[in-house]
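Here's the structure, in structure tokens; my notes come after.
The values are calculated or read from the model by the stated rules, or taken from the named source; none is laboratory data. In this text, all values refer to a predicted model and were calculated from it rather than measured experimentally. A quick note on method: Cβ atoms are made from the backbone with ideal geometry, for glycine too, and the neighbour counts reach across all protein chains shown.
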Amino acid sequence: MALKYKSKINKIRTFALILVFAGMILMYIGLFFKQHEWLMVTLMILGTISIILSTVVYFWIGLLSTRTVSIICPSCEKPTKMLGRVDMCMHCDQPLTLDKNLEGKEFNEDYNSKKNNVEETHKM
Ligand SMILES: [Zn+2]
């Protein structure tokens, strides 16, 4: 299975952008149902909820950004931000790690969630 990893912040940004577009499309579709008021209102409400959610997600990105570590990517030499112990470069998708123990290992996003397992393995 060839999973393509993306920088986490980029992923969340893409998600927020999809929500904005989904909201606009829903509202736009709603305009075609002027004769069916309940349907138009439902679509408008769904669209509004979607756009409000995207605002919340953008706010969340802002909060996450304060917890990221800014580094210079060793591969493309551009400044990038990483979140958690392993993340990808935002520009070239180079795997990055803050943990010396994981350096040179195959990239695995599980290292973020299975912290304890990894630490125990290294103690042995
Ligand atoms: Zn890079």
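Scanning segment 43-59 for any residue that is within 16 Å of the ligand (Cβ to nearest atom) and aliphatic (A, V, I, L, M) turns up nothing.
The one condition from (1) at pLDDT 90 or above; (2) at positive phi that residue 59 does not meet is (2). Scanning segment 40-60 turns up at least one residue that is within 25 Å of residue 99 (Cβ to Cβ), surrounded by fewer than 15 Cβ atoms within 10 Å (Cβ to Cβ) and touching a residue at least 40 places away in the same chain (Cβ under 8 Å).
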